[in-house]
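Chemist: Submitted below is the structure of interest, expressed as structure tokens.
The values are calculated or read from the model by the stated rules, or taken from the named source; none is laboratory data. None of the values given here were measured: they were computed from a predicted structure. Here the Cβ is made from the backbone with ideal geometry for all residues, glycine too, and neighbour counts use every protein chain on show. Accessible surface is based on the protein model in full, side chains and every heavy atom, while ligands, DNA and RNA are left aside. Shrake-Rupley method; radii C 1.70, N 1.55, O 1.52, S 1.80 Å.
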Amino acid sequence: LSFFFFFLSGFQALLISMMAIALVGFMGSLDIAVFLLDIGLLFEDFFAHALRLIKPAFALLTCSSLTIIFFASLYTIIDRFGAAPHFTISGIPQKLTLSDGLYLSVSTLTTAGFADIVGVTSLGRLLMAMETFCGVTLLLFGVEAILASGRRK
């Protein structure tokens, strides 16, 4: 084939190549169109399903965020106004900052509990236990709501 193109001018070789590409494209155009329509239908179904999941997922995220902020504020307030620190940070009793309270609240709500901030008084431990219970309850009800929303048609 390259021997054939050797005797043609550059323009003629380009024209023949472009016609060959057009012929291949024309012959495969029906398959390409069907493929693109199938992909479009798949995306349409995917996005319709995903839109049903947004509302319960956003509600779970909102409730979790508000719970984290509430308990972080509570940890910080009881620690600031208490006579002695209610928590230890890396084994050293000290007052929590708001960022420490947020970190403690996230690790407690998600039940990760890294144990670098630990409640040392009954009040601190009680609040941490309450937040863990709230986190597990939120997770259970949130996942159930998301799954139920995904099953509805």
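Chemist: Among what's in the stretch 44-69 and is over 14 Å from Gly150 (Cα atoms) and touching a residue at least 12 places away in the same chain (Cβ under 8 Å), pick the residue that is most open to solvent (accessible area, probe 1.4 Å).
Modeler: Checked the stretch 44-69; the qualifying residue most open to solvent (accessible area, probe 1.4 Å) is Ile69.
Chemist: Further question on the same structure: What is the number of the single condition among (1) under 30 Å from Leu53 (Cβ atoms); (2) modelled with pLDDT of 95 or more that Arg151 does not meet?
Modeler: That leaves (2) as the condition not met.
One line per residue, one yes/no per condition, for (1) closer than 27 Å to Ile92 by Cα; (2) free of Cβ contacts under 8 Å to residues at least 24 places away in the same chain; (3) assigned to a loop (DSSP other than H, G, I, E, B); (4) not aromatic (Phe, Trp, Tyr):
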site: Thr108; (1), (2), (3), (4): yes, no, no, yes
site: Thr111; (1), (2), (3), (4): yes, no, yes, yes
site: Phe114; (1), (2), (3), (4): yes, yes, yes, no
site: Leu126; (1), (2), (3), (4): yes, yes, no, yes
site: Ala129; (1), (2), (3), (4): yes, yes, no, yes
site: Phe133; (1), (2), (3), (4): yes, yes, no, no
site: Leu138; (1), (2), (3), (4): no, no, no, yes
site: Leu147; (1), (2), (3), (4): no, yes, no, yes
site: Gly150; (1), (2), (3), (4): no, no, no, yes
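Chemist: Being open to solvent by 100 Å² or more (accessible area, probe 1.4 Å) and at pLDDT 65 or above is the filter here; which residues of the stretch 1-13 pass it?
Modeler: If the condition is that a residue be open to solvent by 100 Å² or more (accessible area, probe 1.4 Å) and at pLDDT 65 or above, then Phe11 is the only one that fits.
Chemist: Let me ask something additional. Output the residue which, of all residues in the stretch 70-105 that are closer than 15 Å to Gly119 by Cα and of a type in the set (Phe, Trp, Tyr), is most open to solvent (accessible area, probe 1.4 Å).
Modeler: Tyr103
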